Amino acid sequence: MKNINEYQNKKVLVLGLAKSGFSAAKLLHDLDALVTVNDGKPFAENPEAQDLLALGVKVITGSHPIELLDEGFSLVVKNPGIPYDQPIVQKAIEKNIPIITEVELAYKISEAPIIGITGTNGKTTTTTMIANVLNTGFTEGRALLSGNIGFPASTVAQTASAKDRLVMELSSFQLMGIETLHPKIAVITNIYEAHLDYHGNRSEYVRAKWRLQQNMTAEDFLVINWNQPELVELSQQTQAKVVPFSTQQKVVGAYIFEEQLYFKDEAIMPVSELGVPGSHNVENALAAIAVAKLEGIANEAIVQALHTFSGVPHRTQYVDTIEGVRFFNDSKATNSLATEMALGGFQKDQLILLAGGLDRGNSFDELIPSLQDLKAIVLFGQTKEKLAETARKAGIKTIKLTEDVTTAVPLAYQLSQPGDTVLLSPANASWDQYPNFEVRGDKFMAAVAELNRNERSE
């Protein structure tokens, strides 16, 4: 960890806790900043706030009083989930108080170079793939997962050495709060339409994603999806060396040719040897290969890591095989696009899809081409009737409605036969029935485990 003094004796407001806010507040306190923490959760229900108070940090909980900003703060470190139209954030903007997110602090103290990954879909899988490949191939140093993947970057950075790499997943929310963050290598997996309720419009969302490369120089590398014309056009606006990847054409980077994954003119491995299914995972693997080759990783290590990679929790995650029927957990598919990409990795006439969730008022007609030829679909949650209508339009003959994920699993199994696959890929957020997609995925896996126990006992 770099020994910096730029926050010493400066008044800093940490707005919002959770993992990243707690990490930022503790780090700033250790750097001798005069820290005030403000979190909306009541103190009695807020263990992070209680721990910080015990350290001597000033803590204000239960609401976000705007008058707090009269205390002369030099900086606000904002939780990424708090929108910029929140009154206290708006007031900070009016007062010209700089607002950053916790990943900016991580960059300030990190001795390790940063590999930053963003995109609409595939961030977590690509980030994990990259770390796995690097750790398989590194002879010294470690690839350390950090950022939006669940490990606060400002905590991970404190123990990282110059021989390590911070492999950092970065959301658009986090990227809106960077000033100097400077990746050695950056990856943009793709850009689609998302989070418009936060960003206001697509152009603002794209602008947030593109901030990833704003501090990069000609000494750095930007790995970018060449399948997307929008990203090809944006690539003209960066100072970094552009390294494209594509599943559609040969590029001076990573690509597919004759069912092999290539980097430049060098065949790395057959597509069929990837450990996870789906065309989207081929794109993720190409991005990981590009980063690995830029880091000097041997082909043998790349092949080993990608062949044994079985996915990340809740993202096309293999769960079990019961009497010849495979089960996959893709609970993180909280929108139609993510489900479309997951469906592309399976043979449709042997696939039973489990879907449904929170009704946000949207239709699902964009799913119709991807749903055609499915063996069956089992639907649950607020959107099950809407999705049933979409399934009828797609010509699916077997459509079943049920209560939730737990009841959907045995119902799907009843519809299956050996050689089939049951895929949970909901195309909806989970909040109508579950606190988050992780809990939904855990319920699915528990139901599969229960089904397996029942089958063995018969």
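Over 19 Å from the mean Cα position of the chain (by Cα) and under 18 Å from Asn225 (Cβ atoms): is that true of Leu274 in this structure?
On the way: over 19 Å from the mean Cα position of the chain (by Cα): yes; under 18 Å from Asn225 (Cβ atoms): yes.
Yes.
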Quickly run through the stretch 312-354 and pick out the residues that are among the charged types (D, E, K, R) and touching an Asp or Glu at 6+ places or on another chain (Cβ under 7 Å).
Arg315, Glu323, Lys348, Asp349
Leu343 passes all but one of (1) closer than 19 Å to Thr127 by Cβ; (2) assigned by the TED database to the domain that holds Phe380; which number fails?
(1)
Six or more apart or on different chains, Cβ under 9 Å: which pairs go from a residue in the stretch 168-187 that's part of a loop (DSSP other than H, G, I, E, B) to one that's surrounded by fewer than 24 Cβ atoms within 10 Å (Cβ to Cβ) and among the small types (Gly, Ala, Ser)? Could you list them?
Ser171/Ala208; Met176/Ala208; Pro183/Ala240
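Output the residues belonging to the stretch 64-79 that are under 15 Å from Leu17 (Cα atoms), in contact (Cβ under 8 Å) with a residue 60 or more places away in the chain and open to solvent by 20 Å² or more (accessible area, probe 1.4 Å). Can you show your working first?
Step one: filter the stretch 64-79 for residues under 15 Å from Leu17 (Cα atoms), giving 64, 76-79.
Next, from what is left, pick out any that are in contact (Cβ under 8 Å) with a residue 60 or more places away in the chain: 76-79.
Asn79 - this is the single residue of the stretch 64-79 that is under 15 Å from Leu17 (Cα atoms), in contact (Cβ under 8 Å) with a residue 60 or more places away in the chain and open to solvent by 20 Å² or more (accessible area, probe 1.4 Å).
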Quick check on Pro83: is it within 25 Å of Gly150 (Cβ to Cβ) and open to solvent by 50 Å² or more (accessible area, probe 1.4 Å)?
no
Hits in the stretch 153-164 (condition: open to solvent by less than 30 Å² (accessible area, probe 1.4 Å) and touching a Ser or Thr at 6+ places or on another chain (Cβ under 7 Å)):
Ala153, Ser154, Val156, Ala157, Ala160
Checking Ile88, Ile109 in turn, the sole residue that is touching a residue at least 60 places away in the same chain (Cβ under 8 Å), more than 22 Å from Gly253 (Cα to Cα) and touching a His at 6+ places or on another chain (Cβ under 8 Å) turns out to be Ile88
Among (1) within 20 Å of Leu351 (Cα to Cα); (2) part of a loop (DSSP other than H, G, I, E, B); (3) not polar (S, T, N, Q), Ala429 falls short only on (1)
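Residues Val167, Val133: which one is out of contact with any Ser or Thr (no Cβ under 7 Å at 6 or more places or on another chain) and under 20 Å from Pro313 (Cβ atoms)?
On the way: Val167 fails: out of contact with any Ser or Thr (no Cβ under 7 Å at 6 or more places or on another chain).
Criteria check complete, one pass: Val133.
If a residue has to be assigned to a loop (DSSP other than H, G, I, E, B) and open to solvent by 50 Å² or more (accessible area, probe 1.4 Å) to count, how many in the stretch 405-426 make the cut? Steps first, please.
Our first condition is that a residue be assigned to a loop (DSSP other than H, G, I, E, B); within the stretch 405-426, this holds for 416-420, 425-426.
Within this subset, residues satisfying the condition of being open to solvent by 50 Å² or more (accessible area, probe 1.4 Å) are 417-418.
Matching residues across the stretch 405-426 total 2.
If you go through the stretch 93-106 one residue at a time, do you hit one that is of a type outside the set (S, T, N, Q), over 22 Å from Gln214 (Cα atoms) and open to solvent by less than 20 Å² (accessible area, probe 1.4 Å)? Give the derivation first.
Filtering the stretch 93-106 down to residues of a type outside the set (S, T, N, Q) leaves 93-95, 97-100, 102-106.
Next, from what is left, pick out any that are over 22 Å from Gln214 (Cα atoms): 94-95.
Next cut, open to solvent by less than 20 Å² (accessible area, probe 1.4 Å) only: none.
No: the stretch 93-106 contains no residue that is of a type outside the set (S, T, N, Q), over 22 Å from Gln214 (Cα atoms) and open to solvent by less than 20 Å² (accessible area, probe 1.4 Å).
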Among residues of the stretch 202-237 being open to solvent by 20 Å² or more (accessible area, probe 1.4 Å) and of a type in the set (Ser, Thr, Tyr), the residue farthest from the chain's Cα centre (by Cα) is Thr217
Odd one out for Asp30, checked against (1) closer than 15 Å to Ser154 by Cα; (2) acidic (Asp, Glu); (3) touching a strand residue (DSSP E or B) at 6+ places or on another chain (Cβ under 7 Å)
(3)
Here is a list of conditions, (1) farther than 19 Å from Ala157 by Cβ; (2) touching a Leu at 6+ places or on another chain (Cβ under 8 Å), and Leu75 meets all of them except one; can you say which number that is?
(1)
Residues that are surrounded by 17 or more Cβ atoms within 10 Å (Cβ to Cβ), in contact with a helix residue (DSSP H, G or I) (Cβ under 6 Å, 6 or more places away or on another chain) and not in a loop (DSSP other than H, G, I, E, B): does the stretch 194-201 have at least one?
yes
Within the stretch 432-458, considering residues that are in a loop (DSSP other than H, G, I, E, B) and in contact (Cβ under 8 Å) with a residue 40 or more places away in the chain, the one surrounded by the fewest Cβ atoms within 10 Å (Cβ to Cβ):
Asp432
Consider Ile256 carefully, then state whether it is buried (at least 18 other Cβ atoms within 10 Å of the Cβ), closer than 18 Å to Val291 by Cβ, under 23 Å from the mean Cα position of the chain (by Cα) and β-branched (Val, Ile, Thr).
no
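Going by what's in this entry, would Ile268 be described as out of contact with any Gly (no Cβ under 8 Å at 6 or more places or on another chain), assigned to a strand (DSSP E or B), of a type in the set (A, V, I, L, M, F, W, C) and not assigned by the TED database to the domain that holds Gly441?
yes
The values are calculated or read from the model by the stated rules, or taken from the named source; none is laboratory data. Computed from a predicted model, the values in this text were never measured in an experiment. Counting neighbours? That spans all protein chains shown, and the Cβs are built from the backbone with ideal geometry, glycine included. For accessibility, only protein heavy atoms count, side chains too; no ligands or nucleic acids. Shrake-Rupley method; radii C 1.70, N 1.55, O 1.52, S 1.80 Å.
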